[in-house]
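Visitor: Structure provided below as structure tokens; questions to follow.
Coordinate-derived values only; no laboratory data. Everything numeric here is computed off the predicted structure, so don't read it as measured data. Counting neighbours? That spans all protein chains shown, and the Cβs are built from the backbone with ideal geometry, glycine included.
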Amino acid sequence: MGVRFRGWGIAVPDKVVTNDDLSKTLDTSDEWIRERTGIRERRIGGSAMTLGVAAAEKAMAASGVGPADIDFLVMATTTPDRLTPATAPMVATRLGLTCPAMDLNAACSGFMYAVRTAQGLLETGNRRILVIGAENLSRWTDWNDRNMAVLLADGGGATVLEYDESGTDILSFVLGADGAAADLLTCEHGGFIEMNGKEVFRRAVRVVVESAEEAMAKAGVTASDISLVVPHQANVRIIQAATQRLGIDMDRAVVVLDRYGNTSSASIPLAMDDAIVNGRVRPGELALLTGFGAGMTWASSVVRWS
Ligand code: COA
């Protein structure tokens, strides 16, 4: 059974917040943030709904599809506009969709979980699925907490997945979850996002490497076959450590966190869109998409661009 990626689209708020901006109110510095995370600036504003709608409009236009062509909307978000209803039905209505729509929360692995879910939905008779990852992390950030405020940001990304009998772009998928690590990265109702950064870092590198190796083995490929790595954008040092352990040159990894910070489930589509815009996605080549996040959750997939 075949699944094809069609067009992609992204949306980020207009408001740019630089490291120097944060240094005015927090005991931090541009130098510390850049050296420890790779982040230079981030975008703040909007909501999961507004960013999701804007990204989806671009993805649908890039895919050449209209509202009637979409059979299902899967929206990955950790930061829904409300606890209930889900954000996806409101996004669907604004897009003019009349199909089923649901939210999915797998934190920063959310976009990958949503793609996997869409793949399953395509196997049960749907023809085109709109997949969105959109986040409003700034709403759940304590702007007096330098541990989190320097990392988190807002953004959205989307793609359209289409059923295709003739072949598939998705060669393998590995998903995982470990609720024993729930307290390492958490946000209580009415609270703010909190994290044990060191432990999350350590585990992130491990699950990315292990799941990526498993995904490559399942696809029957090796690290030298991978042309492009599209990783979750949390910390450039995590991307460096993981690619080094995988034996993949860092220059094959897409990095957009310098401009966008950590946008959770929006980060992989933001990176993907950047790779497309910069001509780094070439037909026939293999890409490794890989993410991790609160839960903990993780996900890796090998994709061949058609
Ligand atoms: N600005 C300036 N100094 C800061 C700081 C900030 N924003 N945050 C922490 N520090 C200080 C610490 O207090 C510590 O000072 P000390 O040496 O005097 O005790 C020092 O900088 C080092 O802190 P540490 O926590 O050891 O830094 P680190 O190298 O582990 O980097 C993170 C911290 C959060 C950037 C890093 O652990 C990380 O990226 N973790 C994973 C986060 C992640 O991926 N989260 C999302 C998952 S989806």
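Visitor: Report the antiparallel proportion of the DSSP beta bridges in the range 1-140 as a percent, rounded to a multiple of 5.
Guide: Within the range 1-140, antiparallel bridges account for around 25 percent of the total.
Visitor: Report the Cα centroid-to-centroid distance between the range 279-293 and the range 193-255 in angstrom, as an integer.
Guide: Their Cα centres are 12 Å away from one another.
Visitor: Apply the Karplus curve 6.51 cos²θ - 1.76 cosθ + 1.60, θ = phi - 60°, to the phi angles in the range 157-171 and return the couplings in whole Hz, x for Gly and Pro.
Guide: Per residue, the Karplus-derived 3J(HN,Hα) values read x, 8, 8, 10, 9, 10, 5, 8, 5, 7, x, 9, 8, 8, 8 Hz.
Visitor: Given Cα pairs under 8 Å that are at least 6 residues apart, what percent is the relative contact order of the range 1-152?
Guide: Across the range 1-152, relative contact order equals 27 percent.
Visitor: Hey, another quick one. If you line up the Cα atoms of the range 236-288 on their principal axes, what length do they span on each, largest first, in Å?
Guide: Dimensions of the range 236-288 along the principal axes of its Cα atoms: 29, 26, 16 Å.
Visitor: Roughly how far apart, in whole Å, are the Cα centres of the range 130-151 and the range 7-66?
Guide: For the range 130-151 versus the range 7-66, the Cα centre distance is 10 Å.
Visitor: Could you check what % of the DSSP bridge pairs in the chain are antiparallel, to the nearest 5?
Guide: If we restrict to bridges inside the chain, about 70 percent are antiparallel.
Visitor: So, one more: Could you derive backbone 3J(HN,Hα) for the range 110-116 from the dihedral phi with the Karplus parameters 6.51, -1.76 and 1.60 (θ = phi - 60°), listing whole Hz in sequence and x where the residue is Gly or Pro?
Guide: Using θ = phi - 60°, the values come out as x, 5, 5, 4, 5, 5, 5 Hz.
Visitor: Moving on. Taking amide H positions as placed 1.01 Å from N in the peptide plane, with prolines and chain starts having none, which residues 5 or more places from Gly295, or on another chain, fall under 5 Å of its amide H?
Guide: Under 5 Å from the amide H of Gly295: Leu185.
Visitor: As a check on your grasp of the helix formula, calculate [θ] at 222 nm for the chain: sum -39500 (n - 2.57) over DSSP H runs of n ≥ 4, divide by the residue count, round to the nearest 500.
Guide: -10000 deg cm²/dmol
Visitor: Quick one: longest stretch of the chain between exposed loop GluC sites (Glu not before Pro), exposed meaning at most 11 other C-beta atoms within 10 Å and loop per DSSP?
Guide: With GluC sites (Glu not before Pro) excluded where exposed in loops, the chain gives 1-164 as its longest stretch.
Visitor: Separate question: Using R₀ = 30 Å, calculate the FRET efficiency as 1/(1 + (r/R₀)^6) where r is the Cβ-Cβ separation of Arg94 and Lys15; round to 0.05.
Guide: With a Förster radius of 30 Å, E is 0.90.
Visitor: Let me ask something additional. Give the long-range amide H neighbours of Leu171: residues separated by 5 or more places, or on another chain, with amide H under 5 Å away, using H modelled in the peptide plane at 1.01 Å from N.
Guide: Val302, Val303, Arg304
Visitor: How big is the chain by Rg and Dmax over its Cα atoms, in Å?
Guide: 17.9, 56
Visitor: Something else about it: Please give the contour-minus-distance gain from Ala61 to Asn196: 0.36 nm per residue of separation, less the Cα-Cα distance, rounded to one decimal in nm.
Guide: Going from the current span to full extension adds 44.6 nm.
Visitor: Here's another thing I want to ask about it. Would you work out which of Trp143, Phe72, Thr87 lies farthest towards the positive end of the dipole of the range 3-163? Charges go on Cβ: Lys and Arg +1, Asp and Glu -1.
Guide: Farthest towards the positive pole: Phe72.
Visitor: Can you divide the C-alpha Rg of the range 3-163 by 2.2 N^0.38 Å and report the result to two decimal places?
Guide: So the range 3-163 has a normalised radius of gyration of 1.11.
Visitor: Would you calculate the convex hull of the Cα atoms in the range 170-269 and tell me its volume per residue in Å³?
Guide: 118
Visitor: Under 8 Å for C-alpha pairs, at least 6 residues apart: give me the relative contact order for the chain, rounded to a whole percent.
Guide: 25
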